[in-house]
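The values are calculated or read from the model by the stated rules, or taken from the named source; none is laboratory data. Bear in mind that the values here come from a model prediction, so they are computed numbers and not experimental data. All Cβ positions, even for glycine, are placed from backbone atoms using ideal geometry, and neighbour counts span all protein chains on display. Just so you know, the surface numbers come from the protein's heavy atoms only, side chains and all, with ligands and any DNA or RNA stripped out. Shrake-Rupley method; radii C 1.70, N 1.55, O 1.52, S 1.80 Å.
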Amino acid sequence: LATPSDLVFASSAMHYTRDVYALLEWLLTASGRYFMVTRTPFVERHDDFVVVQRPHRYGYITEYAGWFLNRPRFVAFVTSRGFVLEREFLLNEHPYVPNAPEQCHYRGFLFRRA
């Protein structure tokens, strides 16, 4: 992008890409003053890992992979690119994933360019 946007906003999508941190780098480059991500699953203790989502009970006969991201790593990545964490939002989404090394909590973050 030639001119950064004042606010770049990602909701419930980033964790479905193959390379989250490459996409995150691109989004941060496109961000002028603010970057916000929300409805994204985070874990605290384990490194990023992939889970399989099977939304059969909602009528979707499919399955797809998505990341559970390590919260400290994510925040460190964004702040190392010149942003400051303004607000963190804990959302009331926390699906149970059998055999996952750690259960996630969906969160949101608002970052401001330093």
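So the values come out like this:
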item	result
Test for Asp19: is it open to solvent by 70 Å² or more (accessible area, probe 1.4 Å), out of contact with any Lys or Arg (no Cβ under 7 Å at 6 or more places or on another chain) and in contact (Cβ under 8 Å) with a residue 12 or more places away in the chain	no
Criterion violated by Gly66 - all others in (1) in contact with a His (Cβ under 8 Å, 6 or more places away or on another chain); (2) touching a residue at least 60 places away in the same chain (Cβ under 8 Å) satisfied	(2)
From Thr79, Thr38, Thr29, Thr62, residue being surrounded by 16 or more Cβ atoms within 10 Å (Cβ to Cβ) and hydroxyl-bearing (Ser, Thr, Tyr)	Thr38
Spans of strands (runs of 3 or more DSSP E) in the stretch 1-71 with at least 3 residues aromatic (Phe, Trp, Tyr) and under 21 Å from Phe89 (Cβ atoms)	31-43
Positions within the stretch 82-97 being over 17 Å from Ser12 (Cβ atoms) and open to solvent by 80 Å² or more (accessible area, probe 1.4 Å), in sequence order	Arg87, Tyr96
Number of the condition not met by Ala114 [criteria: (1) in contact (Cβ under 8 Å) with a residue 40 or more places away in the chain; (2) under 25 Å from Pro4 (Cα atoms); (3) out of contact with any helix residue (DSSP H, G or I) (no Cβ under 7 Å at 6 or more places or on another chain)]	(1)
